[in-house]
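Every number here is computed from the coordinates shown, using simple stated rules; none is lab data. Note that the structure is predicted; figures quoted are calculated from it, not measured. Using ideal geometry, Cβ is built from the backbone for each residue, glycine included, and neighbour counts are taken over all protein chains shown.
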Amino acid sequence: MCPPTHFKVTYSINPWMDPAKPVDLPLALTQWETLRDRYRALGHTVEELEPRPELPDMVYAANGATVVDGRVLGARFAHPQRAAEAAVHVEWFRSHGYPVVREPEHINEGEGDFAVTDSWLLAGRGFRSSPLSHPEAQEFFGRPVIGLDLIDPRYYHLDTALCVLDAATDEIMYYPGAFSPGSRAVLERLFPDALVADAEDAAALGLNAVSDGRHVLLPQAAVGLFGPLRERGFEPIGMDLGELLKGGGSVKCCTQELR
Ligand code: ARG
């Protein structure tokens, strides 16, 4: 995770970002710290990346890399405003003893567009990550990639519309409206028992959640997801990341998982 010390919305690269809307920076920091402390209270280790003043979107650490089986696939950002973040992540992994770190050839925005289950690497495309990043990731991780076409600009990253609830059992939740008809059919075929979110919970960025297989940390405004998650045996934990929503991200965007 990377603290939002220098967070601000001065440019707009997704429909959520409006530079005219003020950000309450102290509140953003408090909300972020609450999330970090919640992970720690649940027994998870949280590593912190040093924020850079010239990179206000660094708080969305999920985009910086994808780590599976300890192998690190770095990011390559679609927009110049975020391009320099990639090297910061790569440098962190190299200095923390990760032996296999690849700087990618094709554009991919890390876990923004890659979601990992034990069986598959689900990979979004359409707004940010290049379709060419999919075979690159498949070759690197040796896991079959399922390419998914995103069609709604509000759901510009896969992790705004789909969340892995339990990697071991391939259990996911997603919002069908974010995907092309063909990709919807693929999701129905692979995940017939998925938790399907409605438009309202998706618009609260409720799918931008992190699950450890038992606890699901998600935006608290996505009220419709809490009951269905409980019925499936998960413990939903509502978080308020309202200030970070102004940059187009929530719980998952702020969290990169070190698998
Ligand atoms: N402002 C950032 C961008 O548009 C938000 C990134 C959100 N991260 C995510 N994993 N969806 O790039």
Could you tell me which of 114, 173, 187 has its Cα farthest along the dipole of the chain towards the positive end, charges placed at Cβ (Lys, Arg +1; Asp, Glu -1), taken about the Cα centre?
114
Among the complete DSSP H segments of the chain, which ones combine at least 15 Å of alpha-carbon extent along their axis with a mean Kyte-Doolittle hydropathy of -1.0 or more?
25-41, 85-95
Ordered by packing density, taken as the mean number of other Cβ atoms within 10 Å over each peptide's residues, highest first, how do 57-69, 75-87, 145-157 rank?
57-69, 145-157, 75-87
Report the label-to-label distance for residue 81 and residue 180 in nanometres (one decimal), using points 7 Å from each Cα along the Cα→Cβ vector.
2.7 nm
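So how much slack lies between residue 188 and residue 100, counting 0.36 nm per residue of separation and subtracting their Cα-Cα distance, in nm?
Result for the pair: 28.2 nm of gain on full extension.
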So, in nm, how far is label residue 48 from label residue 214 when the simple model puts each one 7 Å beyond its Cα toward the Cβ?
2.7 nm
Length-normalised contact order for the chain - Cα pairs under 8 Å, 6+ apart - percent:
20 percent
Dipole moment magnitude, nearest 20 debye, region 23-252 about Cα centre, only Lys, Arg, Asp, Glu C-beta charged:
180 debye
For the chain, built as a Gaussian network whose Cα springs stay under 10 Å, the top-fluctuating residue of 207, 55, 42:
42
Shape call for the chain from the C-alpha gyration tensor, a ≥ b ≥ c root eigenvalues: rounded (a/c under 1.5), prolate (a/b greater than b/c) or oblate?
rounded
Quick check for you: which residues of region 218-259 have the amide N under 17 Å from the point 7 Å beyond the Cα of residue 34 toward its beta carbon?
218-223, 236-247, 249-255
Using only the Cα atoms of region 1-97, build the gyration tensor, take square roots of its eigenvalues as a ≥ b ≥ c, and label the shape rounded, prolate or oblate: rounded if a/c is under 1.5, else prolate if a/b is larger than b/c, else oblate.
oblate
Between rounded, prolate and oblate, where does region 155-219 land on the alpha carbon gyration tensor, with a ≥ b ≥ c its root eigenvalues, rounded for a/c under 1.5, else prolate if a/b exceeds b/c?
oblate
Given the -39500 (n - 2.57) contribution per DSSP H run of 4+ residues, what per-residue ellipticity at 222 nm results for the chain, rounded to the nearest 500 deg cm²/dmol?
-6500 deg cm²/dmol
Cα-projected label distance for residue 231 with residue 6, points at 7 Å along beta-carbon direction, nm
4.6 nm
Among 89, 44, 106, determine the one that fluctuates most according to a GNM of the chain built with springs between C-alpha atoms less than 10 Å apart.
44
